[in-house]
Amino acid sequence: MKFDIEADWALNLLCNYDCAYCFSRASTEHPLVGRMSPEEYLDFFDSTGKTWLLHLTGGEPFFHPDFVRLCRTLTSRHYISLNSNLSSSRVREFAAEIDPARVRYVHCGVHVEERDRRNAWRNLQSNLACLLDRGFPLFASQVMTPAAFAEFPRVADLLAKARVPLMPKALRGSHQGRWYPQAYTEDERTQFRRFSEQAERIAATNPWQPDLHGATINPLLDRDYLDGVPDFTGIPCSAGRISVSIGYDGKIFRCGQKTILGNIFDRRLDLFAEDRPCDDEYCFYWCLRYSRFEKDAAANYPRCGAPSRLKQTLVTIRGVRREIGNRIAALSQPGRP
């Protein structure tokens, strides 16, 4: 796949799962979601003169209006990757209508607690088999809450039978009054690394394995940063030049939500002409790819420590306010099944 720019695109807010660690969901959809037709979205991306890799996430992206049609339209000229819980009945339609050669990978978030509560494992296995039979590169991850460690071997074995590697994904930020990943115990870190290495071995045996070194989301990196992620402040980064993030409201950011570069609905995009130092919130996976670190240098780079209790409280409050804002905004439009 040859593309000029990559985007992490939160398509929507609606999700049928209610995970305790989620920071981007609502039980009803935001009124701006689906405001443009798939053809209008395609016209915007075409107008930039660039070939895009669009990482589609949410919410749950399969609940976006006309999601499969949107994917089919976008992949006529661009590429996509996908982050989904794969619980939707539309997965089979996606598998039948979308060209796997235009999909960099499908990342399945397992979410054990919700999957168990809904008795949804058989449905997941069926949807995974459908995607694999069509040749889609696919891997799965489980966010490692303290409760998830006991369940991980069971779920990993279940997915391995379906030829899908299950990768442990580190918690980041506040969870049940503790700050992660720093709050992991030594035993949990040992288990995490063992689970991750096992998943990497399984992924390496599959001809359909995704390019995990170039994946927008790569949980295999997490095992090296269980004591905290590097502080990238001031490091030159190409975010804003060859990578951006896009919100469900059409706003285009360098990363985080500080530096706005444009808006899809306004048909505006002003990319940087050069790399600039990191001065924003960041995504750990993206920064390792787009910052100017020499190979392996980040492994020994100073880590961000757990913030003070005051800052942890402020971050938690900000997350709660964002969740409340999402839900209030979404009340103006009924959700879609």
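The values are calculated or read from the model by the stated rules, or taken from the named source; none is laboratory data. All values reported here derive from a predicted model rather than from experimental measurement. Here Cβ is always computed from backbone atoms with ideal geometry, including for glycine, and neighbour counts include all displayed protein chains.
Below is a table of values for the structure above.
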{"quantity": "Residue count for segment 220-239, restricted to those that are among the hydrophobic types (A, V, I, L, M, F, W, C), closer than 25 Å to Q191 by Cα and modelled with pLDDT under 85", "calculated": "1"}
{"quantity": "Out of Y290, Y248, sole residue that is at pLDDT 85 or above, out of contact with any Phe, Trp or Tyr (no Cβ under 8 Å at 6 or more places or on another chain) and of a type in the set (S, T, Y)", "calculated": "Y248"}
{"quantity": "Hits in segment 9-43 - residues which are within 20 Å of L261 (Cα to Cα), touching a strand residue (DSSP E or B) at 6+ places or on another chain (Cβ under 8 Å) and not aliphatic (A, V, I, L, M)", "calculated": "W9"}
{"quantity": "Tabulated pairs, segment 242-254, first touching a residue at least 24 places away in the same chain (Cβ under 8 Å) and among the basic types (K, R), second part of a loop (DSSP other than H, G, I, E, B) and crowded, with 22+ Cβ neighbours inside 10 Å, C-beta under 6 angstrom, 6+ apart or interchain", "calculated": "R254/G240"}
{"quantity": "Residue in segment 76-84 that is more than 24 Å from P207 (Cα to Cα) and of a type in the set (A, V, I, L, M, F, W, C) present", "calculated": "no"}
{"quantity": "Any pair with Cβ under 8 angstrom, 6 or more apart, that starts in segment 185-205 at a residue that is touching a residue at least 24 places away in the same chain (Cβ under 8 Å) and ends at one that is acidic (D, E) and part of a helix (DSSP H, G or I)", "calculated": "F192/D222; S196/D222"}
{"quantity": "Failed item in (1) at pLDDT below 95; (2) closer than 30 Å to R189 by Cβ; (3) of a type in the set (G, A, S), with S89 passing the rest", "calculated": "(2)"}
{"quantity": "Segments classed as strands (runs of 3 or more DSSP E), wholly inside segment 172-280, with at least 3 members that are buried (at least 16 other Cβ atoms within 10 Å of the Cβ) and in contact with a strand residue (DSSP E or B) (Cβ under 8 Å, 6 or more places away or on another chain)", "calculated": "243-246, 251-253, 260-263"}
{"quantity": "Residue list for segment 250-269, filter: over 19 Å from Y285 (Cα atoms), within 24 Å of the chain's Cα centre (by Cα) and of a type in the set (D, E, K, R)", "calculated": "K251"}
{"quantity": "Every residue from segment 96-129 that is within 19 Å of the chain's Cα centre (by Cα) and basic (K, R)", "calculated": "R102, R104, R115"}
{"quantity": "Total residues in segment 1-38, condition under 27 Å from R289 (Cα atoms) and of a type outside the set (F, W, Y)", "calculated": "14"}
{"quantity": "Residue match in segment 137-156 (condition: surrounded by fewer than 17 Cβ atoms within 10 Å (Cβ to Cβ), of a type outside the set (D, E, K, R), out of contact with any Lys or Arg (no Cβ under 6 Å at 6 or more places or on another chain) and in a strand (DSSP E or B))", "calculated": "no"}
